[in-house]
Amino acid sequence: QVQLVESGGGLVQAGGSLRLSCAASGRTLSTYYMGWFRQAPGKEREFVAALNWSGGRTVYADSVKGRITISRDNTKNTVYLQMISLKPEDTAVYYCAAGVSQVIITTTPNYWGQGTQVTVSS
């Protein structure tokens with residue numbers, strides 16, 4: 001079992017930056033890929049970014065490349081999502097996720113956090 005708790009969401013102006021955090025707990029965390037999804041109002045949840053917990057291998061959705069960076073601090077069991085040059089269309093609930101493989105983490109993660117709201121004003 002893996003527990004995920006997101007934090008760091010909020011209201012930011014367009015062009016601003018925000019860093020989301022995801023505190024993970026549970027057994028064998030090093031075997032999981034970690035990632036982020038987002039769901040905008042009226043839209044389906046979409047993959048944003050993911051990384052391999054121990055190796056630092058990363059993968060990004062094309063829509064966020066260059067503006068979003070995923071990273072982790074293994075000493076704190078925490079995954080981060082650094083977002084810059086935010087746009088109103090980045091407004092969404094952002095969810096932390098954990099999955100047993102790169103395919104799983106980018107499509108149907110095994111575990112989800114509760115989500116944190118990010119609102120970008122124009």
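Structure notes:
- Spin-label proximity, Glu46 to the stretch 79-122 - amide N less than 13 Å from point 7 Å beyond Cα toward beta carbon: 87-93
- With all protein chains in place and a 1.4 Å probe, the accessible surface of the stretch 67-122 carries 50 percent carbon and sulfur.
- Accessible-area value, Lys43, 1.4 Å probe, nucleic acids and ligands omitted, Å²: 140 Å²
- Ranked from largest to smallest solvent-accessible area, with a 1.4 Å probe on the protein heavy atoms, Asp62, Asp73 come out as Asp62, Asp73.
- Whole-number percent relative contact order across the stretch 34-82, with pairs defined as alpha carbons under 8 Å at least 6 apart: 27 percent
- Counting charges near Ala50 (Lys, Arg +1; Asp, Glu -1) among other residues having Cβ under 12 Å from its Cβ returns a value of +2.
- Accessible heavy-atom area order of Glu6, Glu89, highest first, probe of 1.4 Å: Glu89, Glu6
- Candidate residues Val93, Val5: accessible-area rank, largest first, probe 1.4 Å: Val5, Val93
- Measuring nothing but how far apart in sequence close Cα pairs (under 8 Å, 6+ apart) lie, relative to its length, the stretch 1-116 scores a relative contact order of 34 percent.
The values are calculated or read from the model by the stated rules, or taken from the named source; none is laboratory data. Bear in mind that the values here come from a model prediction, so they are computed numbers and not experimental data. Reconstructed Cβ throughout: ideal geometry from the backbone, glycine too, with neighbour counts over all protein chains shown. Heavy atoms of the whole protein, side chains included, go into the accessibility calculation; ligands, DNA and RNA do not. Shrake-Rupley method; radii C 1.70, N 1.55, O 1.52, S 1.80 Å.
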